[in-house]
Amino acid sequence: MAKWLLGVCLFAMLCVLAWVPLWLARPPVCPPAAGNSPPALPAVPPPDLQRLAAMVGGGMQPLTEEQMAEERQMQDDQVAAAREWLMDTDEQERLAGAEQLSAYPTPEAESALRDSLQFDGSLAVRVAAVESLSRFKSLRPETVKALLAALRDGDEQMSFGALSTLQSLVYRADVDEATHGLVMRGLKSAAKDNSLSMNMREEINDLLLDQPD
């Protein structure tokens, strides 16, 4: 038994003696030098908001004088063509002319639509003229008078179409004050006109009640 314990002790001592030189020979563990550390990522500068706004806002360039003149000429040509269609004997041509003028709210277009509203023999063309006039921001007194007269038209499609156009002129914010005032005075007078149908007068009164005094 004593010999066995002596053998174990000797074996342990030999293992320790064999491991110590290896441990002493290993290189020291040191933190990496500052120069060997991985390079830091470059800082990303904040976006230049003013520059971005200028880039976005610069997409639309103002029209030059020459381009504006071309636009006016094109508009005049379209109005002239539509006025010619309004004088055609074909109802479909006149209807197309009345509808096209809604895109060009010029005094010439207004005059042509007023003539169609008052004198065209086709109900469809007269109704189209009334609807196109609802796109205008301002109307002459004679045009407002023609729309008010159309409230007495025997065909409800025409009379209520005229009322719809007058109503749009009352509610739209971009209509000028003069036109708005003409329409309001005309509607107040029409609301007391017993020659109009009961339904028409009720519609007008409902419209007037929605307006501030």
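Taken together, the values in this text are just the output of simple stated rules run on the coordinates, not laboratory data. All values derive from a computational prediction rather than experimental measurement. Cβ coordinates were reconstructed from backbone atoms using ideal geometry, including for glycine residues, and neighbour counts include every protein chain displayed.
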- Query: From the square roots a ≥ b ≥ c of the eigenvalues of the alpha-carbon gyration tensor of segment 79-209, which class results: rounded (a/c under 1.5), prolate (a/b over b/c), or oblate?
  - Reply: oblate
- Task: Identify all aspartates and glutamates with a Cα-Cα distance to Lys145 below 19 Å; exclude those on the same chain that are fewer than 8 residues away in sequence.
- Result: Glu108, Glu110, Asp115, Asp120, Glu131, Asp153, Asp155, Glu156, Asp176, Glu177, Asp193, Glu203
- Message: Could you list Ser132, Ser197, Ser189 so that the one with the fewest beta carbons within 10 Å of its beta carbon is first and the one with the most is last?
- Response: Ser189, Ser197, Ser132
- Message: In whole Hz and in residue order, list the ³J(HN,Hα) couplings for segment 187-196 that follow from phi through the Karplus curve 6.51 cos²θ - 1.76 cosθ + 1.60, θ = phi - 60°; x for Gly and Pro.
- Response: 5, 5, 5, 5, 5, 9, 8, 6, 6, 7
- Find how many whole Å separate the alpha carbon centroid of segment 79-132 from the alpha carbon centroid of segment 168-213. 24
- Note on the structure: The answer for GluC sites (Glu not before Pro) in segment 74-169 that fall in a DSSP coil and have at most 14 neighbouring Cβ atoms within 10 Å is none
- Ranking of Phe136, Phe160, Phe119 by count of other Cβ atoms within 10 Å, fewest first: Phe119, Phe160, Phe136
- Note down the relative contact order for segment 89-200 as a percent, whole number, built from C-alpha pairs under 8 angstrom at least six residues apart. 23
- With label points set 7 Å from each Cα along the Cα-to-Cβ direction at Arg140 and Gln211, the distance between them in nm comes to 2.3
